[in-house]
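The values are calculated or read from the model by the stated rules, or taken from the named source; none is laboratory data. Every value quoted in this text rests on a predicted model; they were computed, and no experiment measured them. Cβ coordinates were reconstructed from backbone atoms using ideal geometry, including for glycine residues, and neighbour counts include every protein chain displayed.
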Amino acid sequence: MHEATKSILSRRNAALHLLCLQFYVGDESIPIAQTAACSMKNQMIGSMEFIILTKKEHSDCTEDDVLFHGRQLTLLFKACPNAFGGLARLKLDNLSLNETDLPNIFSVCNRLEFLRLYNCDMGILSSLEVEHPQIREMEMDHCRFERVHLKSLSLTNIALSSHKMLKLSEFLGNATISSLQLNFKSEKIWIQPEGPKQLLHVFRALRLVNFDQRFGRM
């Protein structure tokens, strides 16, 4: 795959808008990522997506396997930080990482917009803190984090007439809202009226309210 990637990129005269590479983590993945990083540096690629797989499926992975996969990813990351710095999308499978590994990835992947974690953790009952200015979407499936703390978050709900009313106080829990946008393009306003006592902790930091699509269907 390394030779194929190198050959394709060396023959292009124009830059690619998005390069998506799917490969297995391990020693053979390092030259693939290095080739992609070099092309990114030479402005041959606008942005990249890495889908990093493991040679064992989720159901076949032991605890030792996910630890080994985590060490392999760490070696790949340290060998090719420039490749990760150009990523817009990243998908990881079957990994157990150290407490500092994911924060380090977040700090280097400053262009990251999408992150998917499948069967990943940072140890038993670990907590994950996510603070990133660019991430728009994050998927987590079969992960073993006790707690995920999202320090920057945007929530969207497109409400249809068949949907139940939703209480912000229940939906947001202990979160606080700094900006609120109500878009009337949906079939109904999805917020159920609540008193100030229930919403004080949610809206205590509210600074901006935006009403959009005012001629839409209500």
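Would you tally the residues in the range 80-98 being under 13 Å from C109 (Cα atoms) and buried (at least 18 other Cβ atoms within 10 Å of the Cβ)?
Initial filter on the range 80-98 (under 13 Å from C109 (Cα atoms)): 80-91.
Applying the additional criterion that residues be buried (at least 18 other Cβ atoms within 10 Å of the Cβ) yields 80, 83-84, 86-90.
So the answer is 8.
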Open item on the list: Filter the range 19-46 down to the residues that are surrounded by fewer than 20 Cβ atoms within 10 Å (Cβ to Cβ) and at pLDDT 85 or above and list them by number.
Closed with: C20, L21, Q22, F23, Y24, G26, D27, E28, I30, P31, Q34, C38
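For the range 100-143, which fully contained strands (runs of 3 or more DSSP E) count at least 2 residues that are modelled with pLDDT of 90 or more and closer than 21 Å to L19 by Cβ? First the steps, then the outcome.
Values: elements: 114-121, 126-130, 137-141.
In the range 100-143, the matching strands (runs of 3 or more DSSP E) lie at 114-121.
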- [ ] Tally the residues that are under 20 Å from N110 (Cβ atoms) and hydroxyl-bearing (S, T, Y), restricting the search to the range 7-63.
- [x] 2
Task: Every residue from the range 1-21 that is without any contact (Cβ under 8 Å) to a residue 40 or more places away in the chain, assigned to a strand (DSSP E or B) and of a type in the set (A, V, I, L, M, F, W, C) - done: L16, L19, L21
- [ ] Can you confirm whether the range 54-72 contains a residue that is within 14 Å of the chain's Cα centre (by Cα), crowded, with 19+ Cβ neighbours inside 10 Å and of a type in the set (A, V, I, L, M)?
- [x] no
